[in-house]
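The values are calculated or read from the model by the stated rules, or taken from the named source; none is laboratory data. In this text the structure is predicted, and so the values were computed from the model without any measurement. Heads up, the Cβs are rebuilt from the backbone with ideal geometry, glycines too, and the neighbour counts pull from every protein chain shown. With ligands, DNA and RNA removed, areas are computed over all heavy atoms of the protein, side chains included. Shrake-Rupley method; radii C 1.70, N 1.55, O 1.52, S 1.80 Å.
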Amino acid sequence: MENTTGKRPFGMKDKIGYAFGDFGNDFTFMLSSMFMMKFYTDVMGIAPAIVGLLMMVARFVDAFTDVTMGQIVDRSKPTKDGKFRPWIKRMCGPVAVASFLIYQSAFAGALMAVKIGWMFITYILWGSIFYTSINIPYGSMASAISADAKDRAQLSTWRSIGATLAGLTIGVGTPMFAYTTVDGQTVLSGSKMTLIAGAFSILAVICYLLCFNLVEERLEVPQNNTKLDIGAMLKSIITNRSLLGIIAAAIFLLLGMLGMSGMSPYIFPVYYNSGTAQSLSSLASNLAVLIVCAPLATKLAYRFGKKEVSVVSCMAGAMVFAVCIVVRPASAMVFVVFFTLAYIGLGFFNTLVWAMITDVIDDAEIKNNVREDGTIYAVYSFARKLGQAASSGMIGAFLTLIGYSDAVAANPSAYPEVMEGIFNLACIIPAVGLLLVALALAFIYPLNKKKVDENVAELAGRRM
């Protein structure tokens, strides 16, 4: 990389702009994670196992589209707007439209084959094609904004802030407007979900354009003109311990995080019969990330190391859910407290993980003497999608296994065994996910504080 002249210094404008990028991402990603399965099980009447299966199949498609997009980004020529920023402007419209099309309640009365086909096509278009084409350049862009490790850690923190703000908007706002009461039971309104999805798609485009206009790429990432060798690329990936470690942690992170958000529409409106509690859980957990994790994560990482902080915090989050399943609170508000405490444990790692990816990219450059931001980020993005698929597939399969259906949503008191199953899943899935994150980071991921500092010094010396 070479410094590009004529660029303003790194500052708050970049951090705010980068936050808006993930704000835009999560207007569609979090909506899918929190409400897509609920929409298709309760409104469209599709079995949760089928919805989960779709999400798993889509991730196999991502195995090709993610890595392909990473290669396209690495091999593209920098423009006057940089190498990564132009993709945000190009693809913000398509990803927003595809997300809106997923939640079309007008098809609720159609044949089951039509509904499943519509779900499959729109979800593939959104997640495997358009979301990939904007998320991979966005994530790869961090290394071109600044070469300074502390700046990158701040970008990671601000990206987490953007995601948290999206979580607040979606997690708090959606239950307030999407649910309605029918015969005393809280149920999801299909027509309201369609309107909400449209509003979030518009907001996503606005956030993406703010990101494009506020962020500056300062480091010119040259076009990768080396001959594509699939075998060498796969060998580089499978022998890169730091990449394998962060991949494992990412899969388990999504299992824990999406286990929490994916079960929220079932544990709160169905088990506790409270859409308000679902809003409060999102409000409390996301505010906790903003108040506790965002201010402290960079400081703690600077002192103790990103890996070290993440291991401890994820282990603590797993323990919170372990206590919760023993206590089995009868009050929805008490469950919200447990949910929030566990989310803080998850939040520290989720705040630091994007800076850890740049550490992995640096480590690979030192070993291979080539910078492959797009490819490495694409592999990591694919791993996150595997975690999303595993979570969605597991939730769908387990919900079907315990007997959940739209009939249960309409009359939960008639199905006490299903209710107990919902509570168990809401605690066990995230607890296992967080525990596995801590173990993956502790025993596979090698980039502790000492190693990261050595890599930063090595690359600084090479670029002098």
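Give the residue that is most open to solvent (accessible area, probe 1.4 Å), with candidates limited to residues of the range 167-184 that are within 14 Å of residue 410 (Cβ to Cβ) and touching a strand residue (DSSP E or B) at 6+ places or on another chain (Cβ under 8 Å). Across the range 167-184, the extreme among qualifying residues is 181.
When each of 50, 16, 72 is tested for being out of contact with any Gly (no Cβ under 7 Å at 6 or more places or on another chain), part of a helix (DSSP H, G or I), closer than 16 Å to residue 145 by Cα and among the aliphatic types (A, V, I, L, M), the lone residue that passes is 16. Within the set of pairs 6 or more residues apart or between chains, which connect a residue that is of a type in the set (Lys, Arg) inside the range 25-41 to a residue that is crowded, with 24+ Cβ neighbours inside 10 Å with Cβ atoms less than 7 Å apart? Short answer, once both residue conditions are applied: 38/265. Any residue that is open to solvent by less than 40 Å² (accessible area, probe 1.4 Å), touching a helix residue (DSSP H, G or I) at 6+ places or on another chain (Cβ under 6 Å) and closer than 13 Å to residue 375 by Cα - is there at least one of those in the range 89-102? Taking every residue of the range 89-102 in turn, none turns out to be open to solvent by less than 40 Å² (accessible area, probe 1.4 Å), touching a helix residue (DSSP H, G or I) at 6+ places or on another chain (Cβ under 6 Å) and closer than 13 Å to residue 375 by Cα. In this structure, residue 190 does not qualify as more than 22 Å from the chain's Cα centre (by Cα) and modelled with pLDDT under 90. Does residue 389 qualify as being open to solvent by less than 10 Å² (accessible area, probe 1.4 Å) and under 17 Å from the mean Cα position of the chain (by Cα)? Yes. For the range 367-378, filtered to residues that are modelled with pLDDT under 75 and not hydrophobic (A, V, I, L, M, F, W, C), the residue that is surrounded by the fewest Cβ atoms within 10 Å (Cβ to Cβ) is 371.
For the range 190-224, the candidate set comprises residues that are under 26 Å from residue 101 (Cα atoms) and of a type in the set (S, T, N, Q); within that set, the residue that is surrounded by the fewest Cβ atoms within 10 Å (Cβ to Cβ) is 191.
As a summary of the residue check, residue 381 satisfies the conditions (1) open to solvent by 30 Å² or more (accessible area, probe 1.4 Å); (2) in contact with an Asp or Glu (Cβ under 9 Å, 6 or more places away or on another chain); (3) at pLDDT below 85 except for the one numbered (1).
For first residues located in the range 434-457 and open to solvent by 50 Å² or more (accessible area, probe 1.4 Å), partners that are part of a helix (DSSP H, G or I) and of a type in the set (Gly, Ala, Ser) and lie 6+ apart or on another chain with Cβ distances below 6 Å form the pairs 435/318; 444/245; 444/248; 456/149. Whether a residue is in contact with a Lys or Arg (Cβ under 7 Å, 6 or more places away or on another chain) and either more than 23 Å from residue 326 (Cα to Cα) or not in a loop (DSSP other than H, G, I, E, B) (or both) was assessed, and residue 434 does not pass this test.
Given the structure, is residue 187 among the hydrophobic types (A, V, I, L, M, F, W, C), assigned to a helix (DSSP H, G or I) and open to solvent by 20 Å² or more (accessible area, probe 1.4 Å)? No.
Filtered by the rule that a residue be under 21 Å from residue 254 (Cα atoms) and open to solvent by less than 20 Å² (accessible area, probe 1.4 Å), the range 14-36 gives 19, 21, 22, 24, 25, 26, 27, 28, 31, 32, 35, 36.
When you scan the range 416-430, do you find a residue that is modelled with pLDDT of 90 or more, under 17 Å from residue 251 (Cβ atoms) and either touching a strand residue (DSSP E or B) at 6+ places or on another chain (Cβ under 7 Å) or open to solvent by less than 60 Å² (accessible area, probe 1.4 Å) (or both), even just one? Within the range 416-430, one or more residues are modelled with pLDDT of 90 or more, under 17 Å from residue 251 (Cβ atoms) and either touching a strand residue (DSSP E or B) at 6+ places or on another chain (Cβ under 7 Å) or open to solvent by less than 60 Å² (accessible area, probe 1.4 Å) (or both).
When residue 133 is tested against (1) touching a residue at least 60 places away in the same chain (Cβ under 8 Å); (2) more than 20 Å from the chain's Cα centre (by Cα), just one condition goes unmet, and that condition is (2). The residues on offer are 136, 124, and the sole one that is crowded, with 24+ Cβ neighbours inside 10 Å and in a helix (DSSP H, G or I) is 136. Inside the range 68-87, residues that are in contact with a Pro (Cβ under 7 Å, 6 or more places away or on another chain) and modelled with pLDDT under 85 make up a count of 2. Among the conditions (1) within 27 Å of residue 139 (Cβ to Cβ); (2) of a type outside the set (Phe, Trp, Tyr); (3) open to solvent by 10 Å² or more (accessible area, probe 1.4 Å), residue 62 misses just one, which is (3).
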